[in-house]
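Engineer: The structure under discussion is supplied below as structure tokens; questions concerning it will follow.
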Amino acid sequence: MNILDVDGLNVQIKSTKLLENISFTIKKGSVTALVGHNGAGKSTLMKTIMGIQEKESGEIIIREKYNQDKNFLEYKQHIAFIPEEPLLMSELTAMQHFQLYGKSYQMEEKELINRVEKYVKGFELEGKLDEYPESLSKGMRQKVQTICAMLPDVPLLIIDEPFMGLDIYAVDYFEEILKEKIVKGTSIILTTHQLDRVKDIADHFIMLQDGKLLHKGLITEFETITRRSGK
Amino acid sequence: MKYPSTWQAYWFIKQNRIRKKRKVRKQFVQLNFDLTTTIYSLVLVGYLFATIFIFNDFLGQFHEQFMFIESQMVDRFWLILTIVPIRFIFKSFREPGILITNSEYQLAMLPHSIKKIAVFVMVEKWLKSLIQYLLIATLAILITPIETMLIVIYFSLFWLMEVLCTIPQWKLFQSHIMIRISLFILLISLDIIGVFTSQSILISIFILMLMVATNLIYWKNMFMHIHWGRVIEVNDYMVWNMPLISKATKIKFKKQRKYSIFQNMASRRKPFPYRDSPIHRRLWIQLLRENVEFILQVIGGLFFVILVLPFISDLVTLIGIAISIHVYSVFISSIYRERFYSGIVQVLPWHVGSYRNTFTIWSILGFSPIFLAILIYTIIHFSWMMSLGFILLVISLYVVNYKTKMDNAMAILDRRIGTLTVRETIAFCSLGLIPLYEYHPSISLLIMVFIYLVLFLFNSSKKKNE
């Protein structure tokens, strides 16, 4: 089953084309690494899939059923997103953020509390649940944002720079829970500059350059392509 | 030891800021206007200005009104003098008044004194406002028949107040909200006492002396107990938020709201009861607080318009009431939609219905000042029975317009419709019943009932289709 279908996607602001004719699909349980230089369009692509960035044309469909242009509210229920910079609200404590996520993804309270306890322990955030974001360090804020997106069971996880700002223990733990999610059938799209880190997780790659899809395929083919193109 | 020149460093930053802003504006102009259109537009504007103001003596028609304003300016001079500082207290709720941005603050990290930099910033502010007042005063002298000396005195007063209120505003911005509210209420009360006891002169001299004393007292410790994070956040926003450009480029410059006076309350830190309403309520409060100034301006504007219009004519007032309901429902639905495009909410699934339920109370609260103004007009203008009918009509029209706009906002969030629908058009046209009530009250109420029926049937058929 296709979890994500992106077909003929074009994004532009005024006359500047940010993404040009991007098409790809993501299967259930597959992990796709979005690679490319700075400004290649990776984050724009993620934001467009999330519906934050307006698109010019093209279709984005989740689970072969939920079209971004036709049932956006249902479409959103099937994605969780971890942005590169935490989007936390200064009015909510860490726990209140988790509750906001739990309610938004219609999680049962018991299930939410169980998961919060598990992830908070794993990310070593005990005692920080009633803290506001500004009293947390940057790394801790990133952990809170990561936990938020890990709480619901969604078919598609979108992660912009998954390991940014996390310490070495947190990165290991995050990898562990990502693997758990993949086993359960969650598909993941992620961007990263630490390719070595994701090689064990990712099975596919999409290479973007100047907003165009340059290559796509199995991650095993990736090194051959980069060696050949000398990048 | 030779110290580096603070003025040169400050000027360097200023020059680069001007250059950057010029570059952004230039890009904006190049993207949106072409040279030929701009030249033609300028010629057209010049022609219109010359036709209306120079050749046609357009303002001559308003001679009487200007004379009225002139007499009020003479009679109410002392009262106005006491009102001007209130503006700065009001501003201190949002703006520090001294434009020290992150760049100026970083400069103070280098071997430059923050006080010296602040003096440059203040002098620049005073000079800018002096030029602005001079231009407006010159225009007022040229195109209105109001006595030149009076205009000069008034604009000098405004400028003097701008200078005298800079430091008080700066210190008030740092103070607790209760201090600001108390001072605000105190000055308004003093004004009212001054008016009723005909002692405005005494009150204004007292306020003026208070201003001077505050300046003298705080000049030395201007930079004690300063919330630099908050000052910089607000000032950065003020310097770099360019509304027209952000509208055209669809890129918003947002304030990083990091501070809230309620945050330290233990009850605010407790986890929510696990229901939609308490969570959404907090999110609404946060959004409304972020936009409080804008909200107050719109609601306050509509309130005053309805209070002032009866002095022109009844028909104009009724049209004004109809437009106010339309403006308010458009405004409130856009605030509702804004919630989903800011902060973390934009990346979450949206339960738009639940958000809407928790928003209803705020929309009613926001409408109450406007409704109060309508109520005052109704009681004065209509008989007892007619008043009842009119209030019923106003409430019904408000409900129809509010509901329609909110339903459309929800549909737009789900990307199901465009921005204008048949239902919206019906709701807008139904506002015509307000001026019609003046001449045919029963017909107006009957049509209202009919519109309710149509919209009810429309709603139920839509629900069946869903």
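Engineer: Can you list the DSSP H helices in chain B whose Cα atoms extend at least 24 Å along the helix axis and whose mean Kyte-Doolittle hydropathy is 1.6 or higher?
Structural biologist: In chain B, the long hydrophobic H runs are B:177-196, B:200-220.
Engineer: Dipole of the range B:275-465, Cα-centred, from +1 at each Lys and Arg C-beta and -1 at each Asp and Glu C-beta, to the nearest 20 debye?
Structural biologist: Value, rounded to 20: 820 debye.
Engineer: Is the range A:112-172 rounded, prolate or oblate when judged by the Cα gyration tensor, a ≥ b ≥ c being the square roots of its eigenvalues, rounded requiring a/c under 1.5 and prolate requiring a/b larger than b/c?
Structural biologist: Oblate is the answer for the range A:112-172, as a/c is 1.5 or above yet b/c matches or exceeds a/b.
Engineer: How far apart, in nm, are the 7 Å Cα→Cβ label points at B:I69 and A:N114?
Structural biologist: 7.2
Engineer: Of A:L208, A:T191, A:F174, whose Cα points farthest to the positive end of the dipole of the range A:172-213 (charges on the beta-carbon: +1 Lys, Arg; -1 Asp, Glu; origin at the Cα centre)?
Structural biologist: Of the listed residues, the answer is A:L208.
Engineer: Evaluate the distance, in nm, between pseudo-label points positioned 7 Å from the Cα of A:E54 and of B:H440 along their respective Cα→Cβ axes.
Structural biologist: 4.2
Engineer: Taking only C-alpha pairs under 8 Å that are 6+ residues apart, what is the relative contact order of the range A:86-153 in percent?
Structural biologist: For the range A:86-153, the relative contact order is 54 percent.
Engineer: Name the shape class, rounded, prolate or oblate, that the alpha-carbon gyration tensor gives for the range B:275-465, where a ≥ b ≥ c are the square roots of its eigenvalues, rounded holds for a/c under 1.5, and otherwise prolate holds if a/b is larger than b/c and oblate otherwise.
Structural biologist: oblate
Engineer: With r as the distance between the Cβ atoms of A:K138 and B:V119 and R0 = 25 Å, compute the FRET efficiency 1/(1 + (r/R0)^6) and round to 0.05.
Structural biologist: Computed FRET efficiency for B:V119 and A:K138: 0.10.
Engineer: List, in the order given, every pair from A:K118/A:K181; A:K103/B:K270; A:K110/A:K138; A:K65/B:K403 whose Cα-Cα distance in the structure shown is over 20 Å.
Structural biologist: Checking Cα-Cα distances, A:K110/A:K138; A:K65/B:K403 exceed 20 Å.
Engineer: If you add up the charges near B:Y355, with Lys and Arg at +1 and Asp and Glu at -1, over every other residue whose beta carbon is less than 9 angstrom from its beta carbon, what do you get?
Structural biologist: +1
Engineer: Now for a different question. May I ask you to list the trypsin sites (Lys or Arg not before Pro) in the range A:1-43 that are in a DSSP loop and have at most 16 other Cβ atoms within 10 Å of their Cβ?
Structural biologist: Sparse-neighbourhood loop trypsin sites (Lys or Arg not before Pro): A:K14, A:K28.
Engineer: Which of A:I147, A:V116, A:A94 sits closest to the plus end of the dipole of the range A:86-153, meaning its Cα is farthest towards the positive end, when Lys and Arg get +1 and Asp and Glu get -1 on the C-beta?
Structural biologist: Going by the Cα projections, it comes out as A:I147.
Engineer: Please compute the contact order of chain A in relative form: average sequence separation of alpha-carbon pairs under 8 Å and at least six residues apart, divided by the residue count, as a percent.
Structural biologist: 29
Engineer: Okay, moving on. Provide A:C148, B:C429 in ascending order of the number of other Cβ atoms located within 10 Å of each residue's Cβ, fewest first.
Structural biologist: In increasing order of surrounding Cβ atoms, one gets B:C429, A:C148.
Engineer: Relative to the Cα centre, what is the charge dipole magnitude of the protein assembly as shown, using +1 at the beta carbon of each Lys and Arg, -1 at the beta carbon of each Asp and Glu, and rounding to the nearest 20 debye?
Structural biologist: Dipole about the Cα centre, nearest 20: 1180 debye.
Engineer: Further, regarding this structure: Taking amide H atoms as placed 1.01 Å from N in the peptide plane, list the residues 5 or more away in sequence, or in a different chain, whose amide H sits under 5 Å from that of A:K216.
Structural biologist: Under 5 Å from the amide H of A:K216: A:M207.
Engineer: I need the GluC sites (Glu not before Pro) found in the range A:81-169, filtered to DSSP loop residues with at most 12 other beta carbons within 10 Å of theirs.
Structural biologist: A:E108, A:E126
Engineer: Sticking with this structure for a sec: Once you place label points 7 Å from the Cα toward the Cβ at B:L42 and B:S387, how far apart are they in nm?
Structural biologist: My value for the distance between the label points is 5.7 nm.
Each value in this text was obtained by applying a stated rule to the coordinates, not by laboratory testing. These numbers come from a predicted model, not from an experiment. Cβ sites come from the backbone with ideal geometry, for glycine too, and all protein chains shown count toward neighbours.
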